[in-house]
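Accompanying notes for the structure given below.
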Amino acid sequence: MATTRDRALDAAVRLVGEQGVRALTHARVDAAAGLPKGSTSNWFRTRDALVAGVLVRIAEQERADLLAAMAPARTADEVVDVLTDLLEDATGRHAARTRARYALFLETTAAAAPSSVRDQRSQFEEWTTGLLAGLGAEHPEIAARTLLAVSAGIIVNRLTVAPDTPIRPIVAVAVRGCLPA
């Protein structure tokens, strides 16, 4: 059974993902989570603390998804498959969470982002760098950053103006562009 804190955080993620950052208030989180008034503020005394808590919660959930997906990929097609699946999830079943992450990123400065968010980014970048190095990329660090930038663009595009954009063909071109001919 989820704790009161977890229920509040999950409700906060949904609120921001579905209604935007302005919906993130202690009272609205309590109502959305079905908690007694004041419950969320017991865990997060200020709005800044609530924002930080939500970012950490999103990072924890996304890290679990990433770890599950980070199986070794030995071919370019396997890398394309893994990245496509991650992007499909981020813009499909986890779209509200992804919208919340982007909205809260824009609300905070890079320096204010919880270390778990930066650590997660580094972990995913290292994993992607390793995959591309194993596939023979001449500059695997740059290639990994390129794929992450393309992935971010796909996410924003699908969450805003083109929800039906096919992901796999774009990821395939990007992955193959990072590898020797």
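The values are calculated or read from the model by the stated rules, or taken from the named source; none is laboratory data. Keep in mind the model is a prediction, meaning the values are calculated, not measured. A quick note on method: Cβ atoms are made from the backbone with ideal geometry, for glycine too, and the neighbour counts reach across all protein chains shown.
Identify all residues within region 144-173 that are under 18 Å from L66 (Cβ atoms) and in a helix (DSSP H, G or I); write none if there are none. Correct list: A144, R145, L147, L148, A149, V150, S151, A152, I154, I155, V171. A Cβ distance below 7 Å, combined with a sequence gap of six or more or placement on separate chains, defines the contacts here; from region 124-141, residues that are among the polar types (S, T, N, Q) reach residues that are surrounded by fewer than 19 Cβ atoms within 10 Å (Cβ to Cβ) and in a helix (DSSP H, G or I) in the pairs T128/L148; T129/E141. Suppose we keep only residues that are β-branched (V, I, T) and assigned to a helix (DSSP H, G or I) within region 73-110. Which one would you say is nearest to V13 (Cα to Cα)? So the residue we want is T98.
From the list A90, A144, A137, pick out the single residue that is closer than 22 Å to V54 by Cα and of a type outside the set (K, R). Among A90, A144, A137, only A90 is closer than 22 Å to V54 by Cα and of a type outside the set (K, R).
Restrict the check to region 137-159 and report whether at least one residue is within 12 Å of the chain's Cα centre (by Cα), closer than 25 Å to V29 by Cα and modelled with pLDDT under 95. Within region 137-159, none of the residues are within 12 Å of the chain's Cα centre (by Cα), closer than 25 Å to V29 by Cα and modelled with pLDDT under 95. Listed by first and then second residue, the pairs linking a residue in region 6-21 that is modelled with pLDDT of 95 or more to a residue that is of a type in the set (D, E, K, R), with Cβ atoms under 7 Å apart and 6 or more places separating them unless they lie on different chains, are L9/R57; V13/R57; V13/R97; L15/R28; G17/R97; G17/R99. T3: more than 19 Å from the chain's Cα centre (by Cα), more than 30 Å from P140 (Cβ to Cβ) and at pLDDT below 95, yes or no? Against the criterion (more than 19 Å from the chain's Cα centre (by Cα), more than 30 Å from P140 (Cβ to Cβ) and at pLDDT below 95), T3 qualifies. Residues that are modelled with pLDDT of 85 or more and of a type in the set (S, T, N, Q) were ranked within region 58-110; the one that is nearest to V173 (Cα to Cα) is T84.
Of all residues in region 7-28, which are more than 19 Å from Y102 (Cβ to Cβ) and surrounded by 14 or more Cβ atoms within 10 Å (Cβ to Cβ)?
Passing the criteria: R7, A8, T25, H26, R28.
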